[in-house]
1. Along the charge dipole of the stretch 90-153, Cβ charges K/R +1 and D/E -1, which of His140, Phe104, Val150 sits furthest on the positive end?
2. For the stretch 122-356, which whole percent of the accessible surface, found with a 1.4 angstrom probe, sits on carbon and sulfur atoms?
3. Could you report the accessible area of Cys74 in Å², rounded to 10, computed with a 1.4 Å probe on the protein chains as they sit in the structure?
4. Could you give the accessible area per residue of the stretch 108-173, probe 1.4 Å, as a whole number in Å²?
5. Kindly state, to the nearest 0.05, the FRET efficiency for Thr344 paired with His140, given R0 = 30 Å and r defined as their beta-carbon distance.
6. When we measure straight from the Cα of Lys102, which lysines land under 16 angstrom away, once same-chain ones fewer than 8 places off are left out?
7. Which lysines have a Cα less than 21 Å from the Cα of Lys188, not counting those fewer than 8 places away in the same chain?
8. Using the Cα centre as the reference, give the magnitude of the dipole from point charges on the C-beta atoms of the chain (Lys, Arg: +1; Asp, Glu: -1; all else neutral), rounded to the nearest 20 debye.
Amino acid sequence: MSYVLHSFLLVSKLPSTLKVFQCNLKTMSSQDNGSPEFPMWPEFKLPDLLSTDTVRQVHATIENEWDPLQRSGCQTAAGRALWNHVIHDPLADILAGESYLKSFHEKIKKDCVNKAREISGVILAVRTLWFDSKLEAALHSFNDGEAQVVFLGAGMDARAYRLSCLKESNVFEVDFPDVLQIKATLLKAAMDSTNDHQCLMMTAKFITRVAADIRSNNWLEKLQTSGFVPEKNTVWVLEGILYYLTHSEATQVLETIADKCSLTHTVLLADFMNKPSTTLSNSTFHFYSDWPDHLLPSLGFSHVKLSQIGDPDAHFGLMHDPLNLFNKLRSLPRSLYTHPDDGTPCCRLYLVEASGSPNQTIP
């Protein structure tokens, strides 16, 4: 389990020359290793836009100057680009950069050759699709159809350019100033590219980028100064960010969001690591919650639904093998930290939807 989580959360830099590669997953048949057949893995090649001077210089700055938290957005974008046949993110490759794309592609190649039960990035793909589907459902749940969507630690997320459900929503992307500046530069390069045959345009009603560090005490003030209205229906998206924070920082962020439940219909979408997962990198991951479905009601959310990778709403046809690590973990009590069969850590990623409103009470 630790290898698979590590593959999408900490994509290492492996020296390689990326060539057009095709992995036929049909070789993973029941005759080979007991797993069902999969469709052919799509071909992948680097887009020409990544070789331009502007884009190369931008990604050189990212590699040389950004810390792991800042670079995590490029790692996520690389996974989405390599799983683009299910995620459909036309901007993922330029936001990821050549180095992360090569590294991620090399891992997928090795997994295909080794007939792995879990292909690198499958957690990221399922996580992305879960957030997409829950965001759309949350927006549809608002009767007037208009809402705010706040991406905390937005990184290289491009949902404002690919999700049609955001067409009536004001989107706020909150992140470090240099992350937002570099992201804007890369997006402009993509929009200006004459080699792109697709028409890239914003799908959100409006987008506002807010330069703020959510680890500080003034990020909400900066958000409101930028036009955020606390009394307006809001979906808060915290994807791949909480576990990089300390416990006090993460709790402060969650409490701030929970406080809005007393003002308006508020929806939180977030993913949580359990304690064993943070041991994958003790210097990088800090916050964890073994029971986020207990934590969030204590902060003020009235309804909480927790899913694990492979659950009916966190599957998306990608969890074919009943013996893969995620399906095996789902059969074990969540209180277990080590697997009873082999003693390996039970590393879990929880996908959590929480909500509250002024007319609802906490059970």
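1. The residue sitting most towards the positive pole is Phe104.
2. After summing per-atom areas, the C and S share lands at 51 percent.
3. 0
4. On a per-residue basis, the stretch 108-173 sits at 31 Å².
5. 0.15
6. Here the lysines satisfying the reach criterion relative to Lys102 are Lys13, Lys19, Lys45, Lys110.
7. Of all the lysines, those that pass the test against Lys188 - Cα under 21 Å, at least 8 places apart if same chain - are Lys167, Lys205.
8. I would put it at about 520 debye.
The values are calculated or read from the model by the stated rules, or taken from the named source; none is laboratory data. Keep in mind that what you see is a predicted model, and the values were worked out from it rather than measured. We place every Cβ from the backbone using ideal geometry, glycine too, and count neighbours over all the protein chains shown. The accessibility values were calculated without ligands, DNA or RNA, using every heavy atom of the protein model including side chains. Shrake-Rupley method; radii C 1.70, N 1.55, O 1.52, S 1.80 Å.
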